[in-house]
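The values are calculated or read from the model by the stated rules, or taken from the named source; none is laboratory data. Since the model is a prediction, treat every value here as computed from it, not as a measurement. We place every Cβ from the backbone using ideal geometry, glycine too, and count neighbours over all the protein chains shown. SASA here: full protein model, heavy atoms, side chains in, ligands and nucleic acids out. Shrake-Rupley method; radii C 1.70, N 1.55, O 1.52, S 1.80 Å.
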Amino acid sequence: MKVLILNGSPRKSGKVSQILHTMEKRLQDDGNETEFVDVNMLNFKCCIGCMKCRESGKCILPQDDAHHIGEALQNCDAVIVGSPVYWGNINGKLKCLFDRQVAIMMGENKMGIPIPLLKGKKAIVANTCTTPFPFNILAGQSTKAYTAVKEILSYSGVKIKGKLLIGGTKNMGEIPEKFLKRAEKLAKKLEK
């Protein structure tokens with residue numbers, strides 16, 4: 001199985017990165033092929049809203065890293081998306097990357113009704129939030145960020161197999177072992 005891992009965190013050793021690397025190791029240990037992408041290291045322009053991709057089926061902007069990610073999304077069997085929570089949403093650069101993938105992820109019929117283009121693929125979503133548990137859930141911080149990714153993936157036909165939403169990370173230090181174990185279990189779900 002080929003798994004694309006999109007790390008929306010700008011911190012290579014941050015909490016999201018720790019979780020995603022745990023999932024990656026579990027998948028690799030089981031013989032799966034992974035591609036780990038630090039989204040904040042990518043070089044791409046933001047979507048300009050020209051809508052030309054709706055006609056051509058591909059982004060018309062000059063070739064950049066967003067085009068590579070589009071190919072990786074088409075060629076993978078599963079995707080893992082991780083992001084810190086920023087203002088109750090995903091990291092801005094990750095959102096910009098998804099904006100550039102519209103032609104790859106979702107078509108539309110003559111009436112403008114969405115047509116999912118990534119049917120059959122699976123996903124795991126993970127996020128971390130400095131707001132302490134349970135307030136990260138009650139205030140909607142973690143849940144709104146999760147919902148943003150869920151909406152993108154669902155409209156694309158991707159089936160979400162699980163989520164890991166961790167609150168209270170501000171003074172956490174390392175990710176507790178119980179969350180790393182949960183991350184490994186979630187990665188295993190992609191193999192089923």
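Before moving on, here are some points about what is shown:
- Set Leu61, Leu73, Leu94, Leu42: member being within 28 Å of Lys12 (Cβ to Cβ) and either of a type outside the set (A, V, I, L, M) or touching a Cys at 6+ places or on another chain (Cβ under 9 Å) (or both): Leu61
- Unmet criterion (only one of (1) in contact (Cβ under 8 Å) with a residue 24 or more places away in the chain; (2) under 30 Å from Asn136 (Cα atoms); (3) surrounded by fewer than 20 Cβ atoms within 10 Å (Cβ to Cβ); (4) not polar (S, T, N, Q)) for His21: (1)
- Residue list for the stretch 94-144, filter: of a type in the set (A, V, I, L, M) and in a loop (DSSP other than H, G, I, E, B): Met111, Ile113, Leu117, Leu118, Ala139
- Listed by first and then second residue, the pairs linking a residue in the stretch 32-50 that is in contact (Cβ under 8 Å) with a residue 60 or more places away in the chain and more than 20 Å from Val79 (Cα to Cα) to a residue that is charged (D, E, K, R) and surrounded by 13 or more Cβ atoms within 10 Å (Cβ to Cβ), with Cβ atoms under 6 Å apart and 6 or more places separating them unless they lie on different chains, form an empty list.
- Count of the stretch 139-171 residues, restricted to those that are touching a residue at least 40 places away in the same chain (Cβ under 8 Å) and open to solvent by less than 50 Å² (accessible area, probe 1.4 Å), is 13.
- The set of residues from the stretch 86-101 being open to solvent by 20 Å² or more (accessible area, probe 1.4 Å) and in contact with a helix residue (DSSP H, G or I) (Cβ under 6 Å, 6 or more places away or on another chain) comprises Asn89, Lys93.
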